[in-house]
Amino acid sequence: MARRIETIREEIRTLSTSDKETLLRSLVEDLDAPLDPRIDAAWLEESQRRGREIDAGVVAAIPAKAALDEIEASLKK
């Protein structure tokens, strides 16, 4: 890296709150971006398939709280 992280960190600290927010949003978007554009297409296809299964009654939706409670219980075992 051309500049050390600490130098960049110090420069960021001098920014206004608004500029820090803009920078942070930009960095998060970069991190959230798929490495391969086919990933977004695959997730869209998967979510649509799951939606069709729920609509057709093939599978039943589970409330988020129930799913999280089940996960928490399994982790405690």
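Using a ≥ b ≥ c from the Cα gyration tensor of the stretch 18-74 (square roots of the eigenvalues), is it rounded, prolate or oblate, where a/c under 1.5 gives rounded and otherwise the larger of a/b and b/c decides, a/b for prolate?
Because a/c hits 1.5 or more and a/b fails to exceed b/c, the stretch 18-74 counts as oblate.
Just to confirm a number: summing +1 for Lys and Arg and -1 for Asp and Glu over residues other than residue 64 whose beta-carbon lies under 13 angstrom from that of residue 64, what do you get?
That works out to -2.
For the stretch 36-46, take each phi angle, set θ = phi - 60°, evaluate the Karplus expression 6.51 cos²θ - 1.76 cosθ + 1.60, and give the result in whole Hz per residue in order, putting x for glycine and proline.
9, x, 5, 5, 4, 5, 5, 5, 4, 4, 5
For residue 65, go through the lysines and keep the ones whose alpha-carbon is under 30 Å away, minus same-chain ones fewer than eight residues off.
76, 77
Read the figures in this text as sums done on the coordinates, not as results from a lab. Owing to the predicted nature of the structure, the values given are computational and were not obtained by experimental measurement. Quick reminder, even Gly has a Cβ in these numbers, built from the backbone with ideal geometry, and neighbours come from all protein chains shown.
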